[in-house]
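Read through the structure below, which is laid out as structure tokens, and then see the notes.
Each value in this text was obtained by applying a stated rule to the coordinates, not by laboratory testing. Fair warning: this is a prediction, and the values are worked out from it, not measured in the lab. Neighbour counts are summed over all protein chains in view; Cβ atoms, including those assigned to glycine, are modelled from backbone coordinates with ideal geometry.
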Amino acid sequence: MLREMQTRFAETLLRPPSQSGDRDVLADLDVGGIGGAERLAVYRTNVQASLIEVLLAAFPVTAALAGEKNFRFAASRYLRGEPPNQARLLAYGEGFAAWLAAFEPAAGQPWLAEMARLEWARNEALFAADAEPLDAQILTRLSADEIPELAFVAHPATRLLRFDYRLDRPWRLAQEGKTIPVPEAGEESVLVRRPGLAVEQIVLSPGDAAMAAALLDGRSLSKAAEAALAVEAGLDLQATLFGHLSGGTFSAFRRSDAGSG
Amino acid sequence: MSAGTSLVRSPELAVARAGVGLRHSHVQAFLEERPETGFLEVHSENYMSDGGPRRRALFELRRDYPVSLHGVGLSLGSAEGLDPAHLDRLVRLNADYEPFLVSEHLAWSVHQGAYLNDLLPLPYTQETLDVVCRNISRMQEALGRRILLENPSSYLTFEASSIPEAEFLALVAEKSGCGLLLDVNNVYVSAVNHGLDARAYIEALPAAAVGEIHLAGHTRREIEGQPLLIDDHGSRVSDPVWDLYRFTLGVIGPRPTLIEWDSALPPLRVLLGEAAKADACLAACVPEVLGAA
């Protein structure tokens, strides 16, 4: 009995406000026939409006780029199809970028889903496990022939993203409260990490991005260097690696298995 | 436990004091100024992450304030039972922060894996009583401690209900061994919305089971000429709710009392001012040393 009532109630709460279809739930109620639909609407509004606010808070720059009204419309559609699948709202929105990429009304603005992907990566980094960044000094204690075979373990907060739009500058302008330009087309690789308590975001050059991708994939330093030089012949490998070590991209190192790294 | 944190010598609440809900926009002020207040209460779900600054800040504050974990997502009224992953996360939080109270609601919010982010009403029947008691027993076993169950605010009631809400809460406390969190604003809101006697409701509860009191603001609407109070936690505690609070203290004695404020957050001093007002009511009561919660 209770289970069936909860099924009816849950379905009605996720319906669009204007749509009828509450009859089954209204029959469960004891409101003396007065205002049953309005009373039910209080719950429906609580559920839907609060989840829209959660998404607005998780994707503020995406919302500013889309226009808040448009974002609220998209969010209301998203939450009805994909309500939270966990009872902790800090995890709600994981699938939003992928959903937005397929949302027909936003088809002309593909950078919106890309910005949502960046904002979600930052959200994940914020709540990721705490870990001490790998100490760059570690390299000085290793012999010259050990270094090429080193592999690294990503810090739990580290995320590498590749976009088809240049999102970093619009994102930074949004933090300053400035008008956000439509992102320009063009490949951009962004590394998100959290060496301490604050999330950082840096744009990587093509070679740096190739090196970071290989290292985050667990490949050896020599293989990562090859990958980096293949796309950016002039890359300063030492400075690039040092940047990742001092910046907290990794939390540990290991010796890669000979030949397989 | 996170590295580098020690809860040794963490304060505990020895006498009934007023505390406030810790909300994100006030965290910095608490970290920097450590204003005096009886305890801090947080929504458990906001700290269910692997790591990050939010969890770290609460570890810092835990050294100076007793902490109460108040859950909004376990869905004790769900016929389908509890989500084991969510319960595991709560067990971890309980171990990490050693709260002096752990509480949840007489409500449901999860159905078939979807979390609806509201405290939804239940029909008060024998079946619901069995479901809620089973879920609370599971929660208490997992945590290894007694929890407090909060009375809900509601906007509608069910045809199938056969047990008055206060009596239902008393039965749950008796059968599951849980304590009660008496939200005085919720009693007032539901009493107005459903035409009940708020004082009779409070007198019908088992006083000894009440381990905490909540106070909050509400707003007023009308539906077809009848008042409908909305429990939005977005304003000061209203005068009739203060009156009902003083009545409650007279009936059950002093209890740790929380000022809840969740929307349209005021400056911290306004929130602390509301807590000071509750402290004054508590001080006017005969002090009573609290037993183990």
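Considering Cα pairs under 8 angstrom that are at least six residues apart, work out the relative contact order of chain A and quote it in whole percent. Display every interim value, and only then the final one.
Values: 351 pairs, mean separation 45.4, N = 261.
This gives 17 percent for chain A.
When you take every Cα atom in the protein assembly as shown, what is the radius of gyration, and what is Dmax, the widest Cα pair distance, in Å?
26.4, 84
Among B:LEU22, B:VAL132, B:SER161, pick out the residue whose Cα is farthest towards the positive end of the charge dipole of chain B, where Lys and Arg carry +1 and Asp and Glu carry -1 on C-beta, about the Cα centre.
B:LEU22
Report, for the stretch B:1-118, the % of DSSP beta bridges that are antiparallel, rounded to 5.
In the stretch B:1-118, DSSP labels about 20 percent of beta bridges as antiparallel.
Over the stretch A:171-256, what number does the Rg to Rh ratio reach, with both radii from the alpha-carbon atoms and Rh per Kirkwood? Don't skip to the answer; put the middle values down first.
Numbers: Rg = 14.8 Å, Rh = 14.4 Å.
Radius of gyration relative to Kirkwood radius: 1.03.
Percentage of Cα-Cα pair distances in the stretch A:82-181 greater than 16 Å, rounded to whole percent? Numbers along the way, then the final one.
Working: 3505 of 4950 pairs.
That tail contains 71 percent of the Cα-Cα pairs.
Using a Gaussian network model of chain B whose springs link C-alpha atoms within less than 10 Å, name the residue from B:SER161, B:SER109, B:SER176 with the highest mean-square fluctuation.
Judging by the Gaussian network model, the answer is B:SER161.
Where both residues lie in the protein assembly as shown, what percent of DSSP beta bridges are antiparallel, nearest 5? Please report the intermediate quantities before stating the final value.
On the way: 26 of 52 bridges.
In the protein assembly as shown, approximately 50 percent of DSSP beta bridges are antiparallel ones.
What are the extents of the Cα atoms of the stretch B:1-145 along their three principal axes, listed from largest to smallest and rounded to whole Å?
Each principal axis gives a Cα extent; for the stretch B:1-145 these are 48, 32, 29 Å.
Report P(r) for the stretch A:71-118: all Cα-Cα distances, bin width 10 Å, range 0 to the bin holding the largest distance, values in whole percent.
27, 56, 16, 1
Take every Cα-Cα pair in the stretch B:77-198 and report what % of them are more than 21 Å apart. Kindly include the intermediate steps, with their values, before the conclusion.
Values: 2834 of 7381 pairs.
Summing the P(r) of the stretch B:77-198 above 21 Å gives 38 percent of all pairs.
So who's got an amide H within less than 5 Å of the one on B:HIS111, skipping anything under 5 residues away but keeping other chains? H placed 1.01 Å off N, in plane.
HN-HN under 5 Å from B:HIS111: B:LEU116.
Based on the alpha carbons, how large is the Rg to Rh ratio for chain A when Rh follows Kirkwood?
Looking at chain A, the ratio lands at 1.12.
Given an 8 Å cut-off on Cα distances and at least 6 residues of separation, report the relative contact order of the stretch B:82-174 as a percent.
Values: 83 pairs, mean separation 33.6, N = 93.
This gives 36 percent for the stretch B:82-174.
Counting pairs of alpha carbon atoms under 8 Å apart in space and at least six apart in sequence, what relative contact order in percent does the stretch A:93-220 give?
On the way: 165 pairs, mean separation 32.4, N = 128.
It comes to 25 percent, rounded to a whole number.
Please list, short to long, the whole-number percent of alpha-carbon pairs of the stretch A:40-100 in consecutive 5 angstrom bins beginning at zero.
So the P(r) values, bin by bin, are 4, 19, 33, 26, 13, 5, 1.
Averaged over every viewing direction, what's the projected area of the C-alpha convex hull for the stretch B:154-293? Give it in nm², one decimal, please. Please list the in-between numbers first.
On the way: hull surface 37.6 nm².
About 9.4 nm², averaged over all directions.
Per the helix-only calculation at 222 nm, which mean residue ellipticity applies to chain A, given -39500 (n - 2.57) for every DSSP H run of n ≥ 4 and division by its residues, nearest 500 deg cm²/dmol?
-15000 deg cm²/dmol
Quick one: Karplus J couplings for the stretch B:155-165, per residue in order, coefficients 6.51, -1.76, 1.60, θ = phi - 60°, nearest Hz, x for Gly and Pro?
Once θ is set to phi - 60°, the couplings for the stretch B:155-165 become 10, 8, 10, 10, 4, 6, 4, 10, 10, x, 4 Hz.
Per 5 Å bin, what is the whole-percent P(r) computed from every C-alpha pair distance within chain B?
Calculated P(r), rounded to whole percents: 1, 5, 13, 17, 19, 18, 14, 8, 3, 1, 0, 0.
Could you tell me how many cubic angstrom of Cα convex hull volume the stretch A:1-135 has per residue?
Values: hull volume 18.3 nm³, N = 135.
Cα-based convex hull of the stretch A:1-135, divided per residue, equals 136 Å³.
Quick one, what does Rg over Rh come out to for the stretch B:19-87 if you take C-alpha atoms and the Kirkwood Rh? Mind showing how you got there, number by number?
On the way: Rg = 13.9 Å, Rh = 13.3 Å.
That ratio is 1.04, to two decimals.
Can you list the lysines whose alpha carbon is less than 23 Å from that of A:LYS178, not counting same-chain residues fewer than 8 positions off?
Answer for A:LYS178, where 23 Å is the Cα cut-off: A:LYS69, listed by chain and number.
Residue by residue through the stretch B:53-60, what is 3J(HN,Hα) from phi via Karplus (6.51 cos²θ - 1.76 cosθ + 1.60, θ = phi - 60°)? Round to whole Hz and write x for glycine and proline.
Result, ordered by residue: x, 5, 5, 5, 4, 5, 4, 4 Hz.
Taking amide H positions as placed in the peptide plane 1.01 Å from N, state which residues far from A:ASP30 in sequence (5 or more) or on other chains have amide H under 5 Å from it.
Those qualifying (amide H under 5 Å, at least 5 residues apart or on another chain) are B:THR157, B:PHE158, B:GLU159.
Choose one answer from A:LEU216, A:LEU142, A:LEU160: the residue with the largest mean-square fluctuation in a GNM of chain A with alpha-carbon springs under 10 Å.
Among A:LEU216, A:LEU142, A:LEU160, the largest mean-square fluctuation in the Gaussian network model of chain A belongs to A:LEU142.
Under a Cβ-only charge scheme (Lys and Arg +1, Asp and Glu -1), can you give me the dipole magnitude of the stretch A:47-128 about the Cα centre, in debye to the nearest 20? The partial results should precede the final answer.
Details: 7 positive and 8 negative charges, 29 e Å.
Using only the charged Cβ atoms, the result is roughly 140 debye.
Can you work out the Karplus-derived ³J(HN,Hα) for every residue in the stretch A:144-149? Use 6.51 cos²θ - 1.76 cosθ + 1.60 with θ = phi - 60°, whole Hz, and x for glycine or proline.
So the J values, rounded to whole Hz, are 4, 7, 7, 4, x, 8.
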